[in-house]
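The values are calculated or read from the model by the stated rules, or taken from the named source; none is laboratory data. None of these values were measured; they are calculated from a predicted model. Here Cβ is always computed from backbone atoms with ideal geometry, including for glycine, and neighbour counts include all displayed protein chains. Ligands, DNA and RNA are stripped out before the accessible areas are found, and what is left, the full protein with its side chains, is counted by its heavy atoms. Shrake-Rupley method; radii C 1.70, N 1.55, O 1.52, S 1.80 Å.
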Amino acid sequence: MRILALSSWWPEPADNGARLRINHLLRALARTHEVHLLALAQEPVTPMQHARMAELCASVAAVQQRRWTPSNGALLASIWRRDPQSVRATYSDEFAALTQQRAAAIDPDLVIAFQLAAAPYALLAPDVPRIFEEVETTVLWEQFRHERNPRRRVRAYLTWSKHQSYLRRLLAQFDACTVVSAPERRLVEAIAGNTIHLAVVPNGATISERADAHASPEPDTLIYPGALSYDANYDAVAYFAREILPLLRALRPNVRLRVTGKTEPAQRAALGAPGIEWTGYVADIRGLIARSWAEVVPLRRGGGTRLKVLEALAIGTPVVATSKGVEGLAVQPGRHTLIADTPVEFARATASLLCQPQLRADLAVAGRELVRQQYDWRVIGARFEGLAREVAARRRQPI
């Protein structure tokens, strides 16, 4: 089967959640199908990055994604437009033309659009089955739901309403769509109803690519992997630094939290506290996770399922998280992870894990087994490849 894959991200390096998911699903498709990749690139693609994807795909091409900063006038004018400002402002005529050219050249059996930024271009391949991979609505919904400032709440409501209307029209033009979790599925169903074929394809991790299994965890070490440029990550670290860490250090004075990912000097200054270390960007953080006694995920907002949780469990590093931090994952509190939703509960749960090696070992074994059974990328990739076959075959059936 020939597949035209339209990606919102260049998949290499797989250094964030979006790239990692796209990379693994492309690999699953390329094992048995001819995949042609067109991707929007956030940075210039290096020859090495291009070569890695060329080894995987029958053809590859990248178009630099447009950057935009809307003026106040443009934001005001967008109120009367049907499509969201972000969609219009970032639309690439070059990518659209390349999509049409590639579709005409390869005559694909299926078009897959990875994430929202790529979805409009899938419509440019007429009479071809289409899959919208990873519909995501939670972030905008939560921005509206949690906003307390009256003026910003009105703006968030208008943004959410326009996004719903746009998605409803867009989803109707796809043969199937995927989401990463059951909560996300419920939100999408509330928008689009039961008129679309909607499948849950969760995020995953890879047991076989884990960090050194014999790495000795360092006592009193915690890790939070995630760039603070993402608002949900910043809020999680701020919550931990200001409300949880002081309580935890009263119980375990030597505890240290390593925060990985890109941070700005102003962020480090605002969140700086005794016991916090800023590693900056780390190309492969699996070794750091393996050497940490536990990963903390005190998330209070955001959507999807947490790749950072699954990667830690796959490595064998236990996780202490809020309920939001493991939302959409089939974890059992006390067996696979520790769950705590108040600062006091979170500090106590983390302290109990830090002082109990056997509890750490039990959580590590159960967490790895959960990933092996339900969240291994090989299993998820096979499920997604099956969906691709099903959608293509359904369109080919005679009426």
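Worth a mention:
- For the stretch 120-159, the residues whose amide N sits under 16 Å from a probe point set 7 Å from the Cα of ARG301 along the beta carbon direction are 137-159.
- Of the solvent-accessible surface of the stretch 84-140, computed with a 1.4 Å probe over protein heavy atoms with every protein chain present, carbon and sulfur atoms account for 49 percent.
- Projected onto planes of every orientation and averaged, the convex hull of the alpha-carbon atoms in the stretch 247-357 covers 7.3 nm².
- Here the spin labels are modelled as points 7 Å beyond Cα on the Cα-Cβ line, and at SER165 and VAL282 they lie 4.6 nm apart.
- Largest to smallest principal axis extent of the C-alpha atoms in the stretch 195-308, angstrom: 53, 35, 26
- Packing, as the average of other Cβ atoms within 10 Å across residues, places the peptides 220-230, 3-13 in the order 3-13, 220-230, highest first.
- Pairwise FRET efficiency - GLN173 versus ALA330, Cβ, R0 = 35 Å, nearest 0.05: 0.65
- Share of carbon and sulfur in the accessible area of the stretch 150-287 stands at 53%, probe radius 1.4 Å.
- Accessible area per residue, Å², the stretch 299-382 with all protein chains present, probe 1.4 Å: 38
- Taken over the chain, the percentage of Cα pairs per 20 Å bin, counting from 0 up to the bin with the maximum distance, is 26, 56, 18, 0.
- Largest-first ellipsoid semi-axes for the stretch 117-222, taking √(5λ) over the Cα gyration tensor eigenvalues, angstrom: 33, 24, 12
- Residues ALA382 and ALA238, FRET efficiency given R0 of 56 Å [Cβ-Cβ distance, rounded to 0.05]: 0.90
- Per residue solvent-accessible surface (Å²) - the stretch 179-251, probe of 1.4 Å: 42
- ALA41-LEU123 FRET efficiency (beta carbon distance; Förster radius 30 Å; 0.05 resolution): 0.90
- In the stretch 235-278, one over the average inverse separation of all distinct C-alpha pairs is 10.7 Å, which is the Kirkwood hydrodynamic radius.
- At most 14 other Cβ within 10 Å, DSSP loop - trypsin sites (Lys or Arg not before Pro), the stretch 142-212: ARG148
- For GLU311, the solvent-accessible surface with a 1.4 Å probe is about 60 Å², rounded to the nearest 10.
- Burial ranking of peptide ranges 30-36, 329-335 (average Cβ count within 10 Å, highest at the top): 30-36, 329-335
- Modelled spin labels at GLU147 and THR90, positioned 7 Å past Cα toward Cβ, are 1.8 nm from each other.
- Computed helical MRE - 222 nm, the chain, DSSP H runs ≥ 4 contributing -39500 (n - 2.57), nearest 500: -13500 deg cm²/dmol
- Expressed as a whole percent, the accessible area of the stretch 351-396 that falls on carbon and sulfur atoms is 53 (1.4 Å probe).
- In the stretch 332-399, the C-alpha radius of gyration followed by the widest Cα-Cα span (Dmax) gives 20.2, 65 angstrom.
- Sorted on the mean count of surrounding Cβ atoms within 10 Å across their residues, most packed first, peptides 292-298, 105-111 read 292-298, 105-111.
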